[in-house]
Structures are given as structure tokens and as C-alpha cells.
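Novice: Structure provided below as C-alpha cells; questions to follow.
The values are calculated or read from the model by the stated rules, or taken from the named source; none is laboratory data. Bear in mind the structure is a predicted one, so any value in this text is a computation, not a measurement. Ideal geometry is used to build each Cβ from the backbone, glycine not excepted, and the neighbour counts take in all protein chains shown. The area values use the complete protein model at the heavy-atom level, side chains included, leaving out ligands, DNA and RNA. Shrake-Rupley method; radii C 1.70, N 1.55, O 1.52, S 1.80 Å.
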Amino acid sequence: MSSVAVLTQESFAEHRSGLVPQQIKVATLNSEEESDPPTYKDAFPPLPEKAACLESAQEPAGAWSNKIRPIKASVITQVFHVPLEERKYKDMNQFGEGEQAKICLEIMQRTGAHLELSLAKDQGLSIMVSGKLDAVMKARKDIVARLQTQASATVPIPKEHHRFVIGKNGEKLQDLELKTATKIQIPRPDDPSNQIKITGTKEGIEKARHEVLLISAEQDKRAVERLEVEKAFHPFIAGPYNRLVGEIMQETGTRINIPPPSVNRTEIVFTGEKEQLAQAVARIKKIYEEKKKKTTTIAVEVKKSQHKYVIGPKGNSLQEILERTGVSVEIPPSDSISETVILRGEPEKLGQALTEVYAKANSFTVSSVSAPSWLHRFIIGKKGQNLAKITQQMPKVHIEFTEGEDKITLEGPTEDVNVAQEQIEGMVKDLINRMDYVEINIDHKFHRHLIGKSGANINRIKDQYKVSVRIPPDSEKSNLIRIEGDPQGVQQAKRELLELASRMENERTKDLIIEQRFHRTIIGQKGERIREIRDKFPEVIINFPDPAQKSEIVQLRGPKNEVEKCTKYMQKMVADLVGDFMHPLGLGRRVENSYSISVPIFKQFHKNIIGKGGANIKKIREESNTKIDLPAENSNSETIVITGKRANCEAARSRILSIQKDLANIAEVEVSIPAKLHNSLIGTKGRLIRSIMEECGGVHIHFPVEGSGSDTVVIRGPSSDVEKAKKQLLHLAEEKQTKSFTVDIRAKPEYHKFLIGKGGGKIRKVRDSTGARIIFPAAEDKDQDLITIIGKEDAVREAQKELEALIQNLDNVVEDYMLVDPRHHRHFVIRRGQVLREIAEEYGGVMVSFPRSGTQSDKVTLKGAKDCVEAAKKRIQEIIEDLEAQVTVECAIPQKFHRSVMGPKGSRIQQITRDYNVQIKFPDREENPVHSVEPSIQENGDEAGEGREAKETDPGSPRRCDIIVISGRKEKCEAAKEALEALVPVTIEVEVPFDLHRYIIGQKGSGIRKMMDEFEVNIHVPAPELQSHTIAITGLAANLDRAKAGLLDRVKELQAEQEDRALRSFKLSVTVDPKYHPKIIGRKGAVITQIRLEHDVNIQFPDKDDGNQPQDQITITGYEKNTEAARDAILKIVGELEQMVSEDVPLDHRVHARIIGARGKAIRKIMDEFKVDIRFPQSGAPDPNCVTVTGLPENVEEAIDHILNLEEEYLADVVDSEALQVYMKPPAHEESKAPSKGFVVRDAPWTSNSSEKAPDMSSSEEFPSFGAQVAPKTLPWGPKR
């Protein structure tokens, strides 16, 4: 019998207690079953001792080779903390995404370290970095550089010490940068500067600065001394805000380096001249000894969460306490769990310091408000608007929303937190009262179709029902859609989404094989052709494969009929394209299909051609089978481009022109001009014909297509302009036919307007006298200096001579002056010299200089071409005459009407000032009008009458705030006054039932705003508490009748809607056994949705959670006739369900998965085919083989026969598979395993007479987790390395 020990928890415990000193005898193991267990030394060879190499070589080295090096962990973990104020990316909405996450991924890829980010309550960022030491140090440096705000500091050290900071091959500098996570810039050798720049975090800069100064001090030829001072006394030596040590350094000229709080060093390094250094050391020793004798400590417990308030921003609170009381406050590190704060100082001052510590700690409080998590974003508001209102009032309060938690945490000063808490609780209460939410299940494959292109569908539902719809991202594969908002809107949005989903379930997908070479042609330039197909079949989704995939499958998805139509259409298109490529004249055919013509249509008629919602243009496109492109609304172009087959384009053109002809008094004249002259009449880039069109009021001149052989030119436009254009065109053609001559001359663009003259007067005079046509460049022409003269040679030469003489005069710059009374100067220079700018523009860029304000000079200087200067002088003189002839007329209009008289953005006043060339000045608004009884917005007919009565009784004393001043020529002022008085609004009253007022106002006032904009009146609805039936309409007399009629029409509409609503709200209850409810609802609500849509009713099922509500009552709401039809439909389903039977079938559980199929496709097919419901047992059911089939008796029997046949077929496969598995299993699995006896060893230390204790397997000290810090402890397994 051998002595062995089983290594179990019990034997460890006995050995540890020392109660069983002798070896524990255990039964010998059966030698037949197992060989003898190994000895303890064989299983756990001892590690080599350090002394082993010093002992005699004869001593055995043990099973381990003494050459083996101590093993160190290759992976280390470090945690860095980035405080909120030092975070570079503070946007909370982007935590886990955005720039911060991208940077972390880049760091991980570059360094190979693993990063984990977490957010502390104080919004600081904790980053855990794991990996090899080198990778962790590099990652740390990158984190500091890219995620933490960077500060910089400079350290002056002697130039000769720089090389010691750099080290051999720059290794010392690199090591220092890695260790401190900073960037250290050392000036180049040729740079005389001795400043070393350190960039990084505040803490890193402190560490780096300390290290650099240490290196410098070691190399300094001056004396260096190190003084060991306990870390706790460093704050007293440094003094508040480092003032004390600063004073000592200044007085002694010694550099004193105190390690920063984050560096765990006790020595203070002094560098300087020996005598001065000795003084500095003596003074610091004295402070140290004095503080050591006098100071005492007290320890207090302060909650960990309050430590940051005691420290304060950048440690300011600690320095403040030290300054006020002379007491140092020691805070445990942030990674420590300790809550003990130590106060060190003189006993009499500790009390005051303790009070200040508690005051700082309790100056802030943490509170929470209960709020459902789905309400959080409504509380925050759009772009944080709602929350900003609270945070702006109380900026020190930090409000935190935790995702998935039904609470909001508030942190900040106690009083502010209480106020903010009340406000948030009020918001929560209000939102709960008026908001609701619902969750619906819709297969995630339909989600992108529900969203629509660029979110079109979902945005429409959101806007229409004023709800928020949250659809999970594709990556989650979740079917749950959440709708939040107004209860009524939520229900309506739910109904519409379910209807859309139901429609999508009935959709089909079809793959169309189209050669890839045709894909680009079908899509068209910038997707134009595919857009047309999509417009033609809006319900069909067309997906082309990625060009890189080289696939020929184009997928169509949508309602069956629409998909079939679209398929035929695209197949025809492909056949045409194939024909184009196969046809020997394929190019010609393509040209035939891409024939294009431009139709000029007056801009004001474009909207009529488009039609309401694009109806007209769509109809023309479809019927003529052409592509019609209209210019952008903000473009100056009037040309509509038609593309397609020639015959189709001509037909479309005729239809568009007929629309224009019907809409306006447009005359059309045909002129016969030989085709050979057409190009010369059109001119280079159409310049010649464009000049005729512009000169004749913008008529359209249409030449036939080149090569057609037609001589007919069509002129279209207003009758008078058409005749004028015809005359000019024929005259020009005659000239061209006889002999045409062209000359180009050049003149600066600023002269052009002067040469043309006001209303084209000057240039017309030249043309009439010479008979030549003069063409000036258009705005889009590149060469803006070029003026072209066309006509007979002698006429052109004469016109050229006249124009060149004019241009020469303009080039002859002269300077002249005129006298203008200083009181008129302001008129020319106000509004940034607008009058002077207009004069310069009109008269060839002449420069007009008025004397500076303050000088009483009346001399005005003009500089420019002689003719321009003369014309400008004449114009200035005219303006002065107007100013001197000006009079001022007062117009008394009650102040409450001023806003109405001005019109939107002052448009009415601007129109009057332009029409009558007068200046109108309104008085300053009087805040509290003495005579006004009510605010102007509530005026009515009686008040207006009273105002007029007051005016009649005392016409001589109108109020100052009522007087509008008009300045200008006398006759113009009188006319403007009449125009102003005509704008004074009148008020009428309309009787409208009080209960319709809120519908007339509309949602957020949209209804009443629309009417006010449409009829240009102000409509005042009385306050609800007045219960008044009278609505007041105020506006111009001309608009009141239309507004009244419009309001009464709206009342009739609302009354009709009310009646219809009453008819629609008929309710009918049906009693149906609750067990049939799921069947009536159908899969994903399909059956009940069909009934709702078919009969236009709302069907409400009882709430399962409401115990007071009868569970067998289904409520139908709608028109009486429709509710009865819906009831009959439900009862019909119930009748069918009552005839159904349920049968249990034993079906081997091994074939269940095969029968169900991938995602239930196979079982759904069976259920649809036999019109039955088949239920499989849940996992853990008592009988795993029991399958229930429900349906009509004959259907149930057929379904059972079918699935039993399938079972037989699939079971054969299962048996074969199991037989094969027997041979596939490893032999070890065949043997039955005996119960484990644990790991057995002989001659273990705890079985001998020893006081050693076995390790406790439940202890984290004995069995630490990787990366955890463990206190050193002597173990029986050998010395700790």
C-alpha cells in the first residue's frame, strides 16, 4: 500500500488549519485500471533558486534547467483617463461613432493594441489599452495626441545640455516622449534658442518638464542637490498656486524642481550656485521641519463621487483651501476605491479647512427624475432645443440620459438641480399626457421599402400624422417598429404602415436578363431614361447590378400586374437596342430616336404646360412618346427641348404651342425668306437674330431645320411686336440678298449703356440715319468689348464713323465741376451712394466726387468722357430741381393701421414711393397709445368707427404717432397721400358657430394663415373663453368681400365634414370567443387589415391587460352600413372557425426541422396548400413528437396524410445519417467514463509534517485573474519572480 494524496479543497483546508499533521492515508488505486500516480515533484518540478549557481556543482538543479529565464507576461493592460475639459470630441450624440471612433480604429490598426472606451459620470473618457508593452506605449502616445486637447509649454535649458536630452541616436528623446505621451521639440543646432517646446496634456507636460530639467540638472556644471521630502509636505513647500517656491527661486536664483502630484517621487532637486543653493535648501528644510512639528492630520470620509468637487477644475479648489487655511488636502487617486480624504495642517486651522472641504463636496448634488426612456428624445428636443432652455438658465447643472433606463440624472449645485428637476418633471408630465407610442411587427426585409427613396415614404407619414417613427437599422435584423407622438396620429400612422406592409407581402420579384452592355443605355445620362421608366411604373422598384459584378440580372419588384407591364416595356426597349446594334444602319436608327428640337415658350406659360402636379406634361410625354425637358424655374431660358422620333417631336411641339396660343393673345406670322440666307440672318452664335428678338419685345423667331429646304420662318409673340420684327427681318433679308457688309469695332463695356442711350434712343438715331444694324454683345458672350455693324457697305462705314467719334469722345477723359448746395449732398451719398452708382452706370462710368461731410464746400467734381460728364451734370441738375421743388405733406392714419398700410416687408409703401417718386416716413411706434382701448390685433368694425368719429370731432389735433410724412413734388405727394388712404383697412364681422373656430384656425394656425395669405386680410378669431360666434375680418375694402365668401365656404365645408364625422362614428359590438381573435386578426394583422380596408371601418379588439373590459367584445366603428358588412365578414370567419377540428399527430421530433424548412417556408406552403394551421411543440414540451393540425375535417385528414408521408421519407435519411455518425465518432467517446476522482499526486507537501497551507481556490489572491495587481506573497510553489 503506497502513501498518496488526492489534491482536493478539503485536504487543502485541513492542511491550512494544521489539524492533520500526518499524511492522509487513502485507498490504493486499482493497479489494473491505472498506473501509479506521479509524485508531487514529478508533476510540479521546483523552479531554480537564484543561489543555486553559487552552490556546489554537485547539488542537483532539479527538473527545471537553470538556464531558463524568468517568464514575464507579454500582454499588459493600462487605463488612461481623459477629463471632460481635456476631451477633444465632446459631442455626446456621436459616442461610439463619428471621428472619435475612427481615430481609435486607426490607432488599433497601426499599433496592434486593443482599445476599450467607456464614459464616466463626469463625462470623462476612460480608455483601457491592452497589448504588448511597446504597442501600449505607442497607442498611449497616439491617444493623448489625438483624443486629448493639447497644451504646450517651453523649458529653457542650456544649449549644451540639449544633446543629453536627445540621447544616442535619439533613443532618450523617443523613450521620454513615449513615457510621458508628449511631443518634445528641440531647436536645431544652428538655432540660437535654448527653449525646448513640449506639447501634450497638462499632466504629460508636467512629467516631461520634470524629466528634462532633471537631465539638465545632472549635466549642469553648477551644484545639484537632492533633498528627500515626504510627498505629503510638497504642497506646503510649493505654497498656494506655487507662489512660495517661486519666491524662493526668485530670491536665491536657484532652480527648484518639485515633482508634480502625478509623479510618485519624494526628492526635490535644486540646481544653482553653491551659496545660493545652500540658502534655498536651508529655507525649504526649515519649512519642512516646521510643518512636520506643527502639523497634524485628520481623516474624513467623503463620497467618491464628490471628490472631483473638492479638487475643483484643474485643482483650483485644493489650492484655494491651502491659500485660505494653510491646510493641505490629500485626495486618493481616481482609480482607488478609498473614500478617505486626509487634511494636514495646524490643529487650529483644521476645523475651518474641514468646513470648506464639506462645503465644496456638498455644493453639488445628484438627483434623478423618472421618465420613460422613449420620451427622452422629446425632452431633449430637436438639436437639444428643449434642454438648452434649462441648461442656459442653469449652466452648472449636468443632465444625463442613460439609454434604456427610465430615468434622467441631474448633477450640479443643489438649488439649481431642484429648479431643473421641477422643470423636467413638468415636461415629463406634459409629454405623458399628450404623447403615446405603439410597437408593430413588420418583417425587416420590408423596412427599406417602407422608408422609401431618400426617406420619402417615412418622412411623408411623419409629417402627415405628426409622429416619430423609429425603424431599426438593417444590421439588427429586428422586426419591431416604434411609433411615437399624438395618440390619434400614432394610430393612423400604424394603420398606414401595416397597410403598406400588407401590400408589400403581396408583391412579387422578377429577374430580367439584360446584357450588361445595354445597362448604361437603359439608365441614360444622369439616370434620365430609367427615371422615365420609374415615373411610368411608380410602384415597381428596378434594381440594376453593380457594374463590377458583371451580372446581367436586373431585378423588378412590385405589384404583380405592374411588374408584368414593366417587364414587357423593358423587353421591348431591349429589343429596340438589339435591333440598333444588329441593323446595318444602326447609327441612323439611333439618330432617328434621338431627334431633338427646341421650342421657345414665354416663361410665364411654362407652369401651364407642366400642369397641376405635372399632369399636362406627363400626358404629352406619354401620348407623343417623347422626352420633354423644361428649363429650371430660376433659369432665364425660355426654351423647351423635345427629344424622340422626328414625327413624335413635331406632334409634341404642336401641342405645346397650342397651349401657349390658347392662353395668351399671341400672334403667329409666317415669312418667306430664302433658305440660303437663314444662316447669315441668325448670325454667329445667334447674335443677329437675338438682337432683333430683344429689340421687338422678346418675340420668338423660329427658322426651319437646316437641310429641310423650307423657306418659311415663323415669328410668334404679341401682335404689334410681331409686325415690327417681320418688317426688320424682311429689311435685313433684302440687305443680305443685295449686298451684306460687316465691321467690328471695340469699346469698353461700361460705355455700351451710354452709346445705346436711355430706352435705346441714341443707337436708334444712328441706325435711322445710316440704315445699318448695330449689335452689342450679350451677357454670356466672351468678348464683351466687341460691337458688330451689319448692312450695306456705305451705311456700315457711316455708322462706324459716327460710333468711333462717340467712342473717341468717351475716351477723351476730362475733369469738370459744378456747384451743389450742401443741404442736397446727403441725398446723393445716402444708401452707400446708390444715386451716384446709378449715374455712373448710366453715363459711361463717370466718377462724381462730393466734398467730405463736415466741410461746407459746395463744389462737386466730375471725371470721365466729355459727353458723359455733360450728361451726368444735366442729370444731377434735374435731381436738384426735384429736391428744391419738394414739399412735405402730412397724412394722418391711426397707428394701429400702419403695419397693414406698409404691407408684407413694406412692399406696398415701396410700390407707392416708386410710382409717385416720393419719400414716405412713418412715425416711431408709441408703446402705450393713450387713446387705444385694445391692441391693434383685436380691432373690429365698431372701434374703427369710433376712431373715425374721434377724428371728425377733433381734426386739428391728430396724435404724433398717427402722422405719416410724405416728401416730393406737390402733385406727386397729393397722389401718394390718396394712395395711402386707400390702403387703410376696414373691418367687417362674420357669424361663424363657435365650435368651428378651432378647425378654421387649423393645426398651429395653418388654416387661418392660408386664408389670410390668399385674401390679403387679417382674420381675428375671438379667444375661446369668450364663447363668441363672431369672427372679424380686417383688410382693404376690395379684398373683404372675397375673404368673407371664402370664410363662409370654409364654414360650409366644415359643417359637411361634421355631419360626415357623425355618420362615421357609428359603433357596433360583436361577441366573439377570445380564442378566435388571433385567427380573425391573421398573420401580422393581414385578415383584419383586409376587412378594415374593404369596409372602410375601424375594428378594435379588447385589451388583454384590462380586467374590467369584456374580452369577447369586438368594437366596429364607421358608417352604419359598413359596420354591419364588417360584422357579417367577422361572423362568417367565426362560423368557418367553429367548423374546424384539431387533431394531434405523433411526428418524430428529428424530422421537425426538415418539415418546417428554412425560415418556415416549407410548413407555410403546406398550410397554404391544405388551408390548415400546424403547430409544433415548444422546446422542453412533455411530448416532443406531438404536432397539432387544425382546420376543416377533410383538410386536416389530407394534411396529416401529407406530413406523415414526409416523415417517412425524411426519417429514412435521418436513420442513414445516424448510422454513418456511429463510424465517424472517435473511439474515446464510445467508452463510458468513470466518475472523475480529481488529479492525484503522491508525496504532496500538505501530506507531510509541515505548517504550509494549501492555496484557497476561491481566493482572488491565490488565483488572481490576468492583469490584476496582487500583493507579493510567499507561496509553497517557489520564490516569486
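Novice: With all protein chains present and a 1.4 Å probe, how do Arg110, Arg517, Arg655 order by accessible area, largest first?
Specialist: These residues rank, largest area first, as Arg110, Arg517, Arg655.
Novice: Using a simple spin-label model with points 7 Å from Cα along the Cα→Cβ vector, what separation in nm is obtained for Leu178 and Arg797?
Specialist: Between Leu178 and Arg797, the simple spin-label model gives 9.3 nm.
Novice: Using a Förster radius of 22 Å, what is the FRET efficiency between Ala456 and Lys618 based on their Cβ-Cβ separation? Nearest 0.05, please. Before the final figure, lay out each step's value.
Specialist: Details: r = 19 Å, r/R0 = 0.84.
After rounding, the FRET efficiency stands at 0.75.
Novice: Note down the nm distance, to one decimal, between modelled labels 7 Å out along Cα→Cβ at Asp1216 and at Asn316.
Specialist: Once both label points are built, they end up 8.2 nm from each other.
Novice: Where does segment 246-351 land on Rg/Rh, using Cα atoms and the Kirkwood Rh?
Specialist: Working: Rg = 16.1 Å, Rh = 15.7 Å.
Over the Cα atoms of segment 246-351, Rg/Rh equals 1.02.
Novice: Please identify which residues in segment 1158-1173 have an amide N closer than 19 Å to a label point set 7 Å out from the Cα of Arg508, following the Cα→Cβ vector.
Specialist: 1165-1166, 1168-1169
Novice: In the P(r) worked out for segment 417-532, what percent of Cα pairs fall beyond 23 Å? Spell out each step's value before the answer.
Specialist: On the way: 3380 of 6670 pairs.
When all Cα pairs of segment 417-532 are counted, 51 percent exceed 23 Å.
Novice: Rounded to two decimals, what ratio of Rg to Rh does segment 796-908 give with C-alpha atoms and a Kirkwood Rh?
Specialist: The Rg/Rh ratio comes out at 1.16.
Novice: Using θ = phi - 60° and the Karplus curve 6.51 cos²θ - 1.76 cosθ + 1.60, what whole-Hz ³J(HN,Hα) does each residue of segment 974-980 get, with Gly and Pro shown as x?
Specialist: Rounded to whole hertz, the list is 5, 5, 5, 4, 4, 5, 5.
Novice: Whole percent per 10 Å bin, from 0 to the bin with the longest distance: what is P(r) over all C-alpha pairs of segment 192-300?
Specialist: For segment 192-300, the binned pair fractions read 13, 44, 33, 9, 1, 0 percent.
Novice: Shape verdict for segment 983-1118, please, from the Cα gyration tensor: rounded (a/c under 1.5), prolate (a/b greater than b/c) or oblate. Don't skip to the answer; put the middle values down first.
Specialist: Details: a/c = 3.87, a/b = 3.07, b/c = 1.26.
Because a/c hits 1.5 or more and a/b exceeds b/c, segment 983-1118 counts as prolate.
Novice: Additional query: Please give the direction-averaged projected area of the C-alpha convex hull for segment 1038-1079, in square nanometres with one decimal. Intermediate values should be presented prior to the final figure.
Specialist: Numbers: hull surface 18.8 nm².
One quarter of the hull surface, i.e. the mean projection, equals 4.7 nm².
Novice: Now for a different question. Work out how much length Gln555 to Gln571 would gain on full extension: take 0.36 nm times their residue separation and subtract the Cα-Cα distance, in nm to one decimal. List each step's numbers first, then the result.
Specialist: Working: separation 16, 0.36 × 16 = 5.76 nm, distance 1.30 nm.
My answer for the length gained is 4.5 nm.
Novice: For segment 203-288, which chymotrypsin sites (Phe, Trp or Tyr not before Pro) pass both filters: DSSP loop (anything but H, G, I, E, B) and at most 15 other C-beta atoms within 10 Å? Each step should come with its number before you reach the end.
Specialist: Numbers: sites: Phe233, Phe236, Tyr241, Phe270, Tyr288; in loops: none.
Answer by residue number: there is no such site.
Novice: Send over a whole-number figure in Å² for the accessible area per residue of segment 1103-1146, probe 1.4 Å. Walk me through the intermediate numbers first.
Specialist: Numbers: 2840 Å² over 44 residues.
Roughly 65 Å² per residue, with all protein chains present.
Novice: Give a residue-ordered list of calculated ³J(HN,Hα) values for segment 339-347 (Karplus: 6.51 cos²θ - 1.76 cosθ + 1.60, θ = phi - 60°; whole Hz; x for Gly, Pro).
Specialist: 10, 7, 10, 9, 10, 10, x, 5, x
Novice: Does a label point 7 Å from the Cα of Asn433, set along Cα-to-beta-carbon, have any residues of segment 997-1016 with amide nitrogen under 19 Å, and which are they?
Specialist: 1004
Novice: Hey, can you find the accessible area per residue of segment 753-896 for me, probe 1.4 Å, expressed in square angstrom? List each step's numbers first, then the result.
Specialist: Values: 8290 Å² over 144 residues.
In whole numbers, segment 753-896 has 58 Å² accessible per residue.
Novice: For segment 970-1024, what does the accessible surface come to per residue with a 1.4 Å probe? Please give it in Å². Don't skip to the end; give the middle numbers.
Specialist: Numbers: 3090 Å² over 55 residues.
Computed with neighbouring chains in place, this is 56 Å² per residue.
Novice: For segment 1023-1134, build the charge dipole from Cβ charges (+1 Lys, Arg; -1 Asp, Glu) around the Cα centre, then report which of Thr1117, Ile1080, Ala1032 sits farthest towards its positive end.
Specialist: My answer, from the dipole projection, is Ile1080.
Novice: If I model a spin label as a point 7 Å beyond the Cα along the Cα-Cβ vector, how far apart are those points for Arg146 and Asn264 in nm?
Specialist: In this crude spin-label approximation the distance works out to 3.0 nm.
Novice: When the Karplus curve 6.51 cos²θ - 1.76 cosθ + 1.60 is applied with θ = phi - 60°, which whole-Hz ³J(HN,Hα) does each residue of segment 1138-1153 get, with x for Gly and Pro?
Specialist: Couplings: 5, 7, 6, 10, 10, 10, 8, 10, x, 9, 3, 4, 6, 9, 4, 4 Hz.
Novice: Quote the FRET efficiency, to the nearest 0.05, computed for Ala982 versus Glu734 with a Förster distance R0 of 60 Å and r equal to the Cβ-Cβ distance.
Specialist: Details: r = 53 Å, r/R0 = 0.89.
Efficiency, from the Cβ-Cβ distance: 0.65.
Novice: Same structure, new question: Scattering from the C-alpha atoms of segment 1081-1172 alone, worked out with Debye: what is log10 I(q)/I(0) at q = 0.20 1/Å?
Specialist: Those come out to -1.06, one per q.
Novice: Further question: For Lys294 and Glu1016, calculate 0.36 nm times their separation in residues minus their Cα-Cα distance, and state this gained length in nm to one decimal. Numbers along the way, then the final one.
Specialist: Values: separation 722, 0.36 × 722 = 259.92 nm, distance 8.67 nm.
Working it through step by step, the gained length comes to 251.3 nm.
Novice: Shifting gears a bit: Do any of Lys748/Lys782; Lys445/Lys536; Lys121/Lys466; Lys727/Lys782; Lys753/Lys863; Lys477/Lys1084 go past 23 Å between their Cα atoms, and which? Write down the numbers at each step before the final one.
Specialist: Numbers: Lys748/Lys782 14 Å; Lys445/Lys536 25 Å; Lys121/Lys466 35 Å; Lys727/Lys782 30 Å; Lys753/Lys863 17 Å; Lys477/Lys1084 17 Å.
As for pairs spanning more than 23 Å Cα to Cα, those are Lys445/Lys536; Lys121/Lys466; Lys727/Lys782.
Novice: In whole percent, how big is the carbon plus sulfur part of the accessible area of segment 192-310, probe 1.4 Å, protein atoms only?
Specialist: Details: 2960 of 6150 Å².
Roughly 48 percent of what the probe reaches on segment 192-310 is carbon or sulfur.
Novice: Something else: Using a 1.4 Å probe over the heavy atoms of the protein chains, calculate the carbon and sulfur portion of the accessible area of segment 424-542 as a whole percent. All intermediate terms of the calculation are to be shown ahead of the outcome.
Specialist: On the way: 3030 of 6910 Å².
Carbon and sulfur atoms account for 44 percent of the accessible area of segment 424-542.
Novice: OK, next. Over segment 828-934, what percent of the accessible surface lies on carbon and sulfur atoms, probe 1.4 Å? Working shown, then result.
Specialist: On the way: 3160 of 6840 Å².
Of the solvent-accessible surface of segment 828-934, carbon and sulfur hold 46 percent.
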